[in-house]
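Notes follow the structure.
The values are calculated or read from the model by the stated rules, or taken from the named source; none is laboratory data. None of the values given here were measured: they were computed from a predicted structure. When we count neighbours, we look across all protein chains shown, and the Cβ atoms used for this are built from the backbone with ideal geometry, even at glycine.
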Amino acid sequence: MPTEDQYDQDVMAASLQDVPDAGTLASALANALAAKVNMSFASASARAATLTSPVEGMEVWLRDVNQKYVYDGTAWRQVPLGVTDSVSDQQSSSYDVLSTSYTTTASAGTYAHCQVVFTAPVTGRVEIKTSARMINETASNGCLIAPQTRTGNTPGSGSIIEDASDGLGPSNYGNTFSRHGVSHLLVGLTPGSTYNTRLLHKTSFSGATATFALRELIVSPAP
């Protein structure tokens, strides 16, 4: 009678008492081992045609969409690949802001969007780092800059996941240039989905010009 492998993985091997049958033995081993590896198929339809009775834990790679799937006992579930590296953007030019609400508009100077597009990692968590060099024309008012994150791969478009707010980014109050940086954790993202983050800015008081330069935005996968 065939016996199961010592790792309890349902790989059956013939015993010494079994009638010799090399073909049956080889076929049983090949089928058992194939079910344990990451199989590759041209498409979902090719997978369905071959794996008519999939077993929980089976893994496959679909070449037409370049995605990995695992069978959970009920359905094939996509395995998010996510990002393993940080994405970043840096804009060094100086510009002025008169808006008291978070915006991407500038009243003077040379402005360019500071923004990134990223894929949420398998943890659904990213660390967002923001820094900028800032000065206000008055000693008592401030400059504030913060990230805004949306769904999709077009910066500034898509549903807002996390809006810019005072607690998410650095600020500088006073008429002396200073560069500050802040990092925070964004959680609850859908693994494998695409998001975009960009920096918004404002002045703390109407009529008090805020000046920004040397902006940097970094988004990194977090455990």
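Any idea how many residues of the stretch 70-124 are in contact with a Ser or Thr (Cβ under 7 Å, 6 or more places away or on another chain) and farther than 20 Å from ARG198 by Cβ?
Summing the residues that are in contact with a Ser or Thr (Cβ under 7 Å, 6 or more places away or on another chain) and farther than 20 Å from ARG198 by Cβ in the stretch 70-124 gives 2.
Quick grid of which residues meet (1) in a strand (DSSP E or B); (2) touching a residue at least 60 places away in the same chain (Cβ under 8 Å); (3) more than 15 Å from SER101 (Cα to Cα):
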{"position": "VAL182", "(1), (2), (3)": "yes, no, yes"}
{"position": "GLY188", "(1), (2), (3)": "no, yes, yes"}
{"position": "LYS202", "(1), (2), (3)": "yes, yes, no"}
{"position": "PHE205", "(1), (2), (3)": "no, yes, no"}
{"position": "ALA213", "(1), (2), (3)": "yes, yes, yes"}
{"position": "GLU216", "(1), (2), (3)": "yes, yes, yes"}
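Scan the stretch 170-209 for residues that are farther than 18 Å from PRO155 by Cβ, touching a Lys or Arg at 6+ places or on another chain (Cβ under 7 Å) and of a type in the set (A, V, I, L, M, F, W, C) and jot them down.
PHE177, LEU185, VAL187 - these are the residues of the stretch 170-209 that are farther than 18 Å from PRO155 by Cβ, touching a Lys or Arg at 6+ places or on another chain (Cβ under 7 Å) and of a type in the set (A, V, I, L, M, F, W, C).
Can you pull out every residue in the stretch 146-164 that is part of a loop (DSSP other than H, G, I, E, B) and β-branched (Val, Ile, Thr)?
THR154, the sole residue that qualifies.
Kindly check whether there is at least one residue in the stretch 60-80 that is farther than 30 Å from LEU189 by Cβ and either at pLDDT 65 or above or touching a Phe, Trp or Tyr at 6+ places or on another chain (Cβ under 9 Å) (or both).
No, the conditions are met nowhere in the stretch 60-80.
Tally the residues that are buried (at least 16 other Cβ atoms within 10 Å of the Cβ), under 27 Å from the mean Cα position of the chain (by Cα) and either part of a loop (DSSP other than H, G, I, E, B) or assigned by TED's automatic domain parsing to the domain that holds ALA120 (or both), restricting the search to the stretch 39-75.
1
Of GLU127, GLU137, which residue is under 17 Å from ASN196 (Cα atoms) and not β-branched (Val, Ile, Thr)?
GLU127
Conditions tested, residue by residue: (1) buried (at least 19 other Cβ atoms within 10 Å of the Cβ); (2) in the same structural domain as THR203 (by TED's automatic domain parsing); (3) out of contact with any Pro (no Cβ under 6 Å at 6 or more places or on another chain); (4) not aliphatic (A, V, I, L, M).
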site: VAL97; (1), (2), (3), (4): yes, yes, yes, no
site: GLY109; (1), (2), (3), (4): no, yes, yes, yes
site: ALA112; (1), (2), (3), (4): no, yes, yes, no
site: THR130; (1), (2), (3), (4): yes, yes, no, yes
site: GLU137; (1), (2), (3), (4): no, yes, yes, yes
site: PRO147; (1), (2), (3), (4): yes, yes, yes, yes
site: ASN175; (1), (2), (3), (4): no, yes, yes, yes
site: LEU185; (1), (2), (3), (4): no, yes, yes, no
